[in-house]
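Below is one structure; the comments refer to it alone.
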Amino acid sequence: MDFSSSYVDLISGQRRGLAAAAARAGLLGLSLAYQGALRLRNHWYDRLAMPRWLEVPVISIGNLTVGGTGKTPMAVWVCHRLIEHGLKPAVLCRGYKASPQGFADEAVMMSRQCPQAIVIAHPDRFAAGQLAITEYGATAAILDDGLQHRRMSRDLEIVLIDATRPFGFGHVLPRGLLREPLAGLARAHVLVITRSDQVTPDQLTTIEQTLRRRARADVPILQAVHRPAGFVDLSGQETHPGQHQRIGCLAGIARPETFVRTLGNLNIHPVANQFVPDHYPYQSTDAKTLERWVQEEQLDAIVTTEKDAVKLRRLDSRWPAPVLALRIEMVMAKDDDQVLRELIKTTLAEAESASPGGEPGKHAPS
């Protein structure tokens, strides 16, 4: 069920032998072709295309690699900062692998964690932004997973780098995990190294040195950590593992090992794990399988991610044990928190001054 781990073992070089080497060589050929197409695409947007502007300030949050770097917790963090400035933010998600009813797990998560915001999941995020402005009165927009979404302009580009797997093993997909070459870092206005507490100071220094070589000279490089913020049940109500002795871990995310590590830091040590692929679309048959798993392992609780919990709630199941979702929040380093707050404040002021007559809601390209 966990295809991603065998794939990572291959591209990272952990799998040895002639067959693995031949597979990596084949993937490299595909990677070079894909990289060439990406360069043409980026050249088009850098030199020729005219991206579209929304009439409100836009903050993009993205990354360079496949897998979780903390875009959703960062989007929630930025959402709260915009609300502090008296704005009504709209979070524009791509709606990747939404349910047949149109629900996207990240969108539901953000709605729960930041109910004051408008969250719209749609592949055409410019159209989603216009809808948010005209129908819901949005006065700012957050472009979730926006670095590679070049068709829409943004006022602030925040790029996240996961400290535990920063540069996708040095190759673009499918030979590595990079969604585009490291040259894409030059578009960033600020870089945030997430999970910075999970590597050594020397590793952090090496990451920062690589970023300095690739990014613009004046770009701030900040640090952040993923901090547990408590547990919720399937309905989103706060709860706690309590005295449960036999806990099972269920995760359908890109990096399940990081989730298990986080649980360990909370002194929660699952006796059984069930991992499924990232964005896994749980079905009613999966509910039956999980019910049997709980009974066979004699579990008295299931701990999962909040993203998984959103999808599990939609299943018609009477869970034989409580399902508890760990909520994660983004926490900036002390000084870096203020740096990013000031960047957002400056961005909003510049966006307002660029508007005709300085009127909010009349944002125009510069």
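Given the condition modelled with pLDDT of 95 or more and either surrounded by fewer than 14 Cβ atoms within 10 Å (Cβ to Cβ) or in a helix (DSSP H, G or I) (or both), answer yes or no: does some residue in segment 54-72 qualify?
no
Suppose we filter Leu182, Leu173, Leu177, Leu250 for residues that are among the aliphatic types (A, V, I, L, M) and more than 30 Å from Asp286 (Cβ to Cβ); which single one remains?
Working: Leu173 fails: more than 30 Å from Asp286 (Cβ to Cβ); Leu177 fails: more than 30 Å from Asp286 (Cβ to Cβ); Leu250 fails: more than 30 Å from Asp286 (Cβ to Cβ).
Being among the aliphatic types (A, V, I, L, M) and more than 30 Å from Asp286 (Cβ to Cβ) holds for just one of Leu182, Leu173, Leu177, Leu250, which is Leu182.
Find all pairs meeting these conditions: Cβ atoms under 7 angstrom apart; at least six residues apart or on different chains; first residue within segment 18-39 and under 17 Å from Phe169 (Cβ atoms); second residue in a helix (DSSP H, G or I).
Pairs that qualify, where the first residue is under 17 Å from Phe169 (Cβ atoms) and the partner is in a helix (DSSP H, G or I), are Ala20/Leu10; Ala23/Leu10; Arg24/Leu10; Arg24/Ile11; Leu27/Ile11.
With touching a strand residue (DSSP E or B) at 6+ places or on another chain (Cβ under 9 Å), more than 30 Å from Ile302 (Cα to Cα) and of a type in the set (A, V, I, L, M, F, W, C) as the only criterion, which of Leu182, Leu204 stands out? Walk me through it before giving the result.
Numbers: Leu182 fails: touching a strand residue (DSSP E or B) at 6+ places or on another chain (Cβ under 9 Å).
Selected residue: Leu204, the only one of Leu182, Leu204 that is touching a strand residue (DSSP E or B) at 6+ places or on another chain (Cβ under 9 Å), more than 30 Å from Ile302 (Cα to Cα) and of a type in the set (A, V, I, L, M, F, W, C).
Filter segment 302-323 down to residues that are of a type in the set (A, V, I, L, M) and more than 21 Å from the chain's Cα centre (by Cα) and give me whichever is surrounded by the most Cβ atoms within 10 Å (Cβ to Cβ).
Of everything passing the filter in segment 302-323, Ile302 is surrounded by the most Cβ atoms within 10 Å (Cβ to Cβ).
Are any residues in segment 184-207 assigned to a helix (DSSP H, G or I), surrounded by fewer than 19 Cβ atoms within 10 Å (Cβ to Cβ) and modelled with pLDDT of 95 or more, and if so, which ones? Show your work before the answer.
Let us first name the residues in segment 184-207 that are assigned to a helix (DSSP H, G or I), namely 184-187, 196-198, 201-207.
Of the ones still in play, those that are also surrounded by fewer than 19 Cβ atoms within 10 Å (Cβ to Cβ) are 186, 197-198, 201-206.
Of everything in segment 184-207, those that are assigned to a helix (DSSP H, G or I), surrounded by fewer than 19 Cβ atoms within 10 Å (Cβ to Cβ) and modelled with pLDDT of 95 or more turn out to be Ala186, Pro201, Asp202, Gln203, Leu204, Thr205, Thr206.
Please go through segment 208-232 and give me each residue that is surrounded by fewer than 20 Cβ atoms within 10 Å (Cβ to Cβ), of a type outside the set (S, T, N, Q), in a helix (DSSP H, G or I) and touching a residue at least 24 places away in the same chain (Cβ under 8 Å), ordered by number.
Scanning segment 208-232 gives a single hit, Arg214.
So which residues in segment 233-274 are in a strand (DSSP E or B) and buried (at least 19 other Cβ atoms within 10 Å of the Cβ)? Spell out the reasoning first.
Looking only at segment 233-274, we keep the residues that are in a strand (DSSP E or B), and these are 238-239, 247-251, 272-274.
Within segment 233-274, Ile247, Gly248, Cys249, Leu250, Ala251, Gln274 meet the criteria.
Identify, by number, the condition in (1) in the same structural domain as Leu222 (by TED's automatic domain parsing); (2) free of Cβ contacts under 8 Å to residues at least 40 places away in the same chain that Val339 doesn't meet.
Going through the list (1) in the same structural domain as Leu222 (by TED's automatic domain parsing); (2) free of Cβ contacts under 8 Å to residues at least 40 places away in the same chain, Val339 breaks only (2).
Can you find a residue in segment 120-130 that is in contact (Cβ under 8 Å) with a residue 60 or more places away in the chain and touching a helix residue (DSSP H, G or I) at 6+ places or on another chain (Cβ under 7 Å)? Can you show your working first?
Keep residues of segment 120-130 that are in contact (Cβ under 8 Å) with a residue 60 or more places away in the chain, which gives 126, 129-130.
Filter again for touching a helix residue (DSSP H, G or I) at 6+ places or on another chain (Cβ under 7 Å), leaving none.
No, every residue in segment 120-130 fails to be in contact (Cβ under 8 Å) with a residue 60 or more places away in the chain and touching a helix residue (DSSP H, G or I) at 6+ places or on another chain (Cβ under 7 Å).
Restricting to segment 1-38, and then to whatever is surrounded by 14 or more Cβ atoms within 10 Å (Cβ to Cβ) and of a type in the set (Lys, Arg), can you tell me which residue is farthest from Val66 (Cα to Cα)?
Arg15
Looking only at segment 120-140, decide whether some residue is surrounded by fewer than 18 Cβ atoms within 10 Å (Cβ to Cβ) and over 20 Å from Glu55 (Cβ atoms).
Looking for residues that are surrounded by fewer than 18 Cβ atoms within 10 Å (Cβ to Cβ) and over 20 Å from Glu55 (Cβ atoms), one finds at least one in segment 120-140, hence yes.
Name the single residue that is surrounded by the most Cβ atoms within 10 Å (Cβ to Cβ) among those in segment 141-172 being under 18 Å from the mean Cα position of the chain (by Cα) and more than 21 Å from Ala75 (Cα to Cα).
By that ranking, first place goes to Gly168.
Out of the residues in segment 39-53 meeting the condition of being assigned to a helix (DSSP H, G or I) and touching a Pro at 6+ places or on another chain (Cβ under 9 Å), tell me which one is surrounded by the most Cβ atoms within 10 Å (Cβ to Cβ). It would help to see each step written out before you state the result.
Here is the first cut: in segment 39-53, the ones assigned to a helix (DSSP H, G or I) are 39-48.
Now drop any that are not touching a Pro at 6+ places or on another chain (Cβ under 9 Å), which leaves 39, 42, 45.
Values: Arg39: 13, Asn42: 18, Tyr45: 13.
Ranking the candidates gives Asn42 first.
The values are calculated or read from the model by the stated rules, or taken from the named source; none is laboratory data. The structure presented is a predicted model; accordingly, all values stated were derived computationally and were not measured. Note: ideal-geometry Cβ built from the backbone for every residue, glycine included; neighbour counts use all protein chains shown.
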